[in-house]
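Coordinate-derived values only; no laboratory data. These numbers come from a predicted model, not from an experiment. Here Cβ is always computed from backbone atoms with ideal geometry, including for glycine, and neighbour counts include all displayed protein chains.
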Amino acid sequence: MSPDRYDPDPSCGDRFTFGLWTVGNPGADPFGGPVRPRLEPEALLEGLAAAGAYGVNLHDNDLIPFGATAGERDRIVAGFRKALESTGLKVPMATTNLFSHAVFRDGAFSSSDAQVRAFAVRKAMAAMELGVELGAETIVFWGGREGSETDACRDPRDAIRWMRECFDFLTSWVQDQGWSLRFALEAKPNEPRGDIYLATTGHMLHFIETLEHAEMVGVNPEVAHENMPGLSMVHGVAQAMEADKLFHIDLNGQKIGRYDQDLRFGSEDLKGAFFLVRLLEGTGGYPAYSGPRHFDAHAYRTEDVAGVWDFAKGCMRTYKILAHRAKAFDLNSEVQEILRFNRRAEKEVGELLKSYSSAGLEAIQKLDLDPEILADRGHRYERLDQLAMEYLMGLHHE
Ligand code: DIG
Ligand code: MN
Ligand code: MN
């Protein structure tokens, strides 16, 4: 395929990243083993660089086997850093695997066994040291095992308290190291646990405000995880952005009502992906998201290694095409006119509601607001959405 404007180009500011575990996923699932070879990290870096990615993210155990000696760890890291140097890839985010080993079978930071919580905190500190060594600025925490199958196991308030203690311990430790790391908490409603605590981005946003160093902590919303319970990723991300708490993002695709599919970005709910990209790119007027566009997804189990790179390129191309369409949509004069029409009272009346005053109260009371007249008007959203759909369907080539 000849190169075109939708091919990712880090030198033009594209900051697409993938986890080692995404393009390195060998296709195993609960019902079948791997279908393609497990590529070495160095080979994954070469493939990502060739595909046009900006960076790579990793769990500690994506690179360092669980239980490796310090010497083995240093040797592996040295080889990985050489490959980073030769490919030019960055490592914006690192994370800790607090879910694979059996020690976490009943949770990590929410385990009823304080020894397990202490072990998880120690593992997270070691993973952060690795991340800092590789240049990471954001540490994601996904609590895949923080949950329950039977709520006889513990009062959820104990789980919340224990998780808060672990995050407060770790943010204080980071401050002691003099690092400017930021934590990004990733929600998911279930899988692998029957129910996972802090199930959505909304739950996380409240939990963060109860932390000792809340200013260091934001969220890492994932499309599939918000969609699984039937929630809008666009609304969750917008609330995070409005609170200045969108510290990272996991982009992928998901069919409603399924297990966590982690599909290629935009390959399912294309309209939701369009409005999400519109938010992130800031084409509607708010500031854009400035972090990496991270794809936490993997290729279909049907694919071979070549198909994995088709998957990676597809994620980035779809994002760029949608960014281009969102920009054109928000520049469309009819779109702007319909949005202006619906906000026509903003100047005169909206201002009165911005802050309470006795003058404002008097003015509000005096307004001539006839509900029958206010009710008797359409919003032209059918036309507005049709325009969005037509941009999505490739009309309105500028
Ligand atoms: C799953 O969605 C989680 C883990 O892959 C990882 O901890 C995190 C990184 O974005 N997402
Ligand atoms: Mn997922
Ligand atoms: Mn994720």
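Spatial offset of region 233-293 relative to region 125-161 amounts to 22 Å, using the alpha carbon center of each.
Answer rounded, prolate or oblate for region 88-185, using the Cα gyration tensor with square roots of eigenvalues a ≥ b ≥ c: rounded when a/c is under 1.5, else prolate when a/b is larger than b/c, else oblate. Working shown, then result.
On the way: a/c = 2.40, a/b = 1.85, b/c = 1.30.
Prolate, since a/c reaches 1.5 and a/b exceeds b/c.
Convert each backbone phi in region 96-104 into a coupling constant with the Karplus relation 6.51 cos²θ - 1.76 cosθ + 1.60 (shift: θ = phi - 60°), then list the ³J(HN,Hα) values in order as whole Hz, x for Gly and Pro. Computed from phi, the couplings for region 96-104 are 10, 7, 10, 9, 7, 5, 4, 4, 9 Hz. Straight-line cross-link partners of Lys90 among the aspartates and glutamates, defined as a Cα under 13 Å from its Cα and at least 8 positions apart when in the same chain: Asp14, Glu46, Glu133, Glu137.
Near the amide H of Glu222, within less than 5 Å, lie the amide hydrogens of Ala187, Asp250, all on another chain or at least 5 residues away, with H placed in the peptide plane. Mean sequence separation of contacting Cα pairs (under 8 Å, at least six apart), scaled by the length of region 1-97, corresponds to a relative contact order of 32 percent.
Cα centroids of region 198-220 and region 84-111: 19 Å apart. Per the Debye formula on identical point scatterers at the alpha carbon atoms of the chain, with no solvent, log10 I(q)/I(0) at q = 0.09, 0.11, 0.12 Å⁻¹ is -0.60, -0.86, -1.00. When both region 295-359 and region 20-39 are represented by their alpha-carbon centers, they are found 32 Å apart. I want to make sure I understand the PRE zone here: with the label point 7 angstrom from the Cα of Glu337 toward its beta carbon, which residues in region 377-398 have backbone N atoms less than 16 Å away? 379-388, by backbone N distance to the label point. Of the DSSP beta bridges with both residues in the chain, give the percent that are antiparallel, rounding to the nearest 5. Here the antiparallel bridges make up roughly 15 percent for the chain.
Are there any chymotrypsin sites (Phe, Trp or Tyr not before Pro) in region 192-290 that are in a DSSP loop and have at most 14 other Cβ atoms within 10 Å? List them by number. Walk me through the intermediate numbers first.
Values: sites: Tyr197, Phe207, Phe247, Tyr259, Phe265, Phe274, Phe275, Tyr289; in loops: Tyr197, Phe247, Tyr259, Phe265, Tyr289.
Within region 192-290, the qualifying chymotrypsin sites (Phe, Trp or Tyr not before Pro) (loop, at most 14 other Cβ atoms within 10 Å) are Tyr259.
Straight-line reach from Lys354: taking Cα to Cα under 19 Å and skipping same-chain neighbours fewer than 8 places apart, the lysines in range are Lys366. Compared with the direct C-alpha span, the chain from Asp151 to Asp113 gains 12.1 nm at full extension, assuming 0.36 nm per residue.
Enumerate the lysines that Lys271 could reach by cross-link, defined here as Cα to Cα under 16 Å, with residues fewer than 8 away along the same chain left out. Of all the lysines, those that pass the test against Lys271 - Cα under 16 Å, at least 8 places apart if same chain - are Lys255, Lys320, Lys327. The calculated FRET efficiency for Arg383 paired with Ala50, based on their beta-carbon distance and R0 = 41 Å, is about 0.40. With the simple spin-label model, which puts each label point 7 Å out from Cα in the Cβ direction, the Arg344 to Ile364 separation comes to 2.4 nm. Restricting to Cα pairs below 8 Å that are 6+ residues apart, what does the relative contact order work out to for the chain? Please round to a whole percent. Value for the chain: 14 percent. Dividing the convex hull volume of the alpha-carbon atoms in region 155-275 by its residue count gives 107 Å³ per residue.
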